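Here is the structure we will look at.
The values are calculated or read from the model by the stated rules, or taken from the named source; none is laboratory data. What you see is a predicted model; the values in this text were computed from it and never measured. With ideal geometry, Cβ positions are generated from the backbone for all residues, glycine too; neighbour counts draw on all protein chains shown. Ligands, DNA and RNA are stripped out before the accessible areas are found, and what is left, the full protein with its side chains, is counted by its heavy atoms. Shrake-Rupley method; radii C 1.70, N 1.55, O 1.52, S 1.80 Å.
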Amino acid sequence: MTEEQKQTGGTVHKRRVRYAGKYPKKFEEKYKEHQPEKYADTIEHVISKGNTPAGMHISIMVEEILEFLQIQPGQQGLDCTLGYGGHTRKMLECLKGQGHLHALDVDPIESEKTRKRLEDAGFGPEILTVHLQNFKDLELVAEQCGKFDFVLADLGVSSMQIDDPERGFSYKIDGPLDLRMNPNAGISAAERLSQVSKEELIGMLEENADEPYAEEIASAVMSFRKAGQQIDTTAKMRRVIEKALVFLPEKERKEAVKKSCQRTFQALRIDVNKEFEVLYELLEKLPYVLNPGGRVAILTFHSGEDRLVKKSFKQFQREGLYSEVARDVIRPSKEECIRNPRAKSTKLRWAIRGKD
């Protein structure tokens, strides 16, 4: 035991990682962004540059959502995707201390952080209940607590998950190729790639992400596997894609690799989290957990999700379960997209429950 350990009872104080230079790139070094309440100026500077601070998530289309939901004090609502809690907090503020909001999340790591953050802001268990639950099981909450006057589902991946290299959601930072919303359930993307057939992988890439080079990428994955190489990190997955697209002209290749990485990671994430199956269950159950006149808003981030939402809303409108649905998709403003580039692909659709 060292002299320092003797003096501290066997433990050594671990210094906080400091910024390396003026603008740190490593996730672990960005301690200021991880403490927004202490470093407001740093946070505002990062956001003003069109970036999302590490460990945070900037809520999208907040004004449009609140304008539609028309939340009144005394109502009961459901946030299907708690995440960083930005939308949740705004909805809680609309309740003005009366009523209740239930929030769902399958991520045990981030949901507890968010619950604590909201409680510290004055939104405790008397007005907010956080359920560690998949939103496909929202009817279980309704059975226990009653139906809802308003529901929001933001289907995007939280920036906290994208930014954390340990979660494996981004091809830009090396880390384990995981991609699970709940790291304690199911199999990782790395495990999935070690088992999937070439034909199944091609279908996954095409159906989940409209990947134009699905066959080339699937062939490269099989070549790596045949050579006994595990594709178990985000950097290795990127190298597979780079090898798959080596036939492209050099001037086109860099941008093509970037876009194929984005689409491939999206396809894998959708697959390991069974996102389409989960969304389908949510849409099938939604009308039955809403009070008459109840309102639901859904944010989607790619065409496959939007098609499912649009089809479901129109079907239930024909059946009389929804009295009104959005005729056209609503997009974020140009100003919001400049301030938060991650909002660019967002689409908002809404529906109103019919009167029984």
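Details
- Screening Glu200, Glu216 for residues that are closer than 28 Å to Phe135 by Cα, open to solvent by 20 Å² or more (accessible area, probe 1.4 Å) and at pLDDT 95 or above leaves exactly one candidate, Glu200.
- So Tyr288, is it touching a residue at least 40 places away in the same chain (Cβ under 8 Å) and of a type outside the set (Val, Ile, Thr): yes
- Options Gly83, Gly77; residue that is open to solvent by less than 40 Å² (accessible area, probe 1.4 Å), at positive phi and either assigned to a helix (DSSP H, G or I) or small (Gly, Ala, Ser) (or both): Gly83
- Residues in the stretch 83-100 that are within 16 Å of Asp120 (Cα to Cα) and touching a strand residue (DSSP E or B) at 6+ places or on another chain (Cβ under 6 Å): Thr88, Leu92.
- The set of residues in the stretch 329-356 that are within 21 Å of Glu319 (Cα to Cα) and charged (D, E, K, R) comprises Arg349, Arg353, Lys355, Asp356.
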